[in-house]
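Peer 1: Dropping a structure here in structure tokens format, bear with me for questions.
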Amino acid sequence: VSGNLEDLEGCCKKLRKLHLGDTQVRISGRDPVSLPALQSLNVSGSNLNVSFSDLFFSLAPNLALTIILARGCGITGEVKSPWLASASLWYSLQLFDLSGNRLDAVHAWPAKLRLD
């Protein structure tokens, strides 16, 4: 599988689970991806090479999303609470696996969110 995650918007409005681990999928970080029924996204092992803020911006419209698995994807940057304060997705997430990435710092997490 290859291509942009944004390309799925038109065809997959009812998609609940998406496993794109170890693929060539890309996330631009410039355009939000709206998959309103999406509950679980696995992109682990995909070479995303995006900043945390770009990844989160792209996924922010998906308020049903409770699980994001993004192990070893080349995600960089810092996780800061001001960025997250207004993001509803941040509060719907229950599991966000960012292990094996190149994050510089993690400044804040909601108490109920499990960070792996």
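Peer 1: With a probe of 1.4 Å, find how much accessible area the chain has per residue, and write the answer as a whole number in Å².
Peer 2: In whole numbers, the chain has 51 Å² accessible per residue.
Peer 1: OK, next. Given the peptides 92-99, 7-14, arrange them by the average over their residues of other C-beta atoms within 10 Å, most packed first.
Peer 2: My ranking of the peptides, most packed first, is 92-99, 7-14.
Peer 1: Just want to confirm a number: the relative contact order over the chain, from Cα pairs under 8 angstrom separated by 6+ residues, in percent.
Peer 2: 21 percent
Peer 1: Divide the volume of the convex hull of the Cα atoms of the chain by its number of residues and quote the answer in cubic angstrom per residue.
Peer 2: 85 Å³
The values are calculated or read from the model by the stated rules, or taken from the named source; none is laboratory data. Treat the numbers as computed from the prediction; the structure is a model and nothing was measured. For neighbour counting, all protein chains shown are included, and Cβ atoms are generated from backbone atoms with ideal geometry for every residue, glycine included. SASA here: full protein model, heavy atoms, side chains in, ligands and nucleic acids out. Shrake-Rupley method; radii C 1.70, N 1.55, O 1.52, S 1.80 Å.
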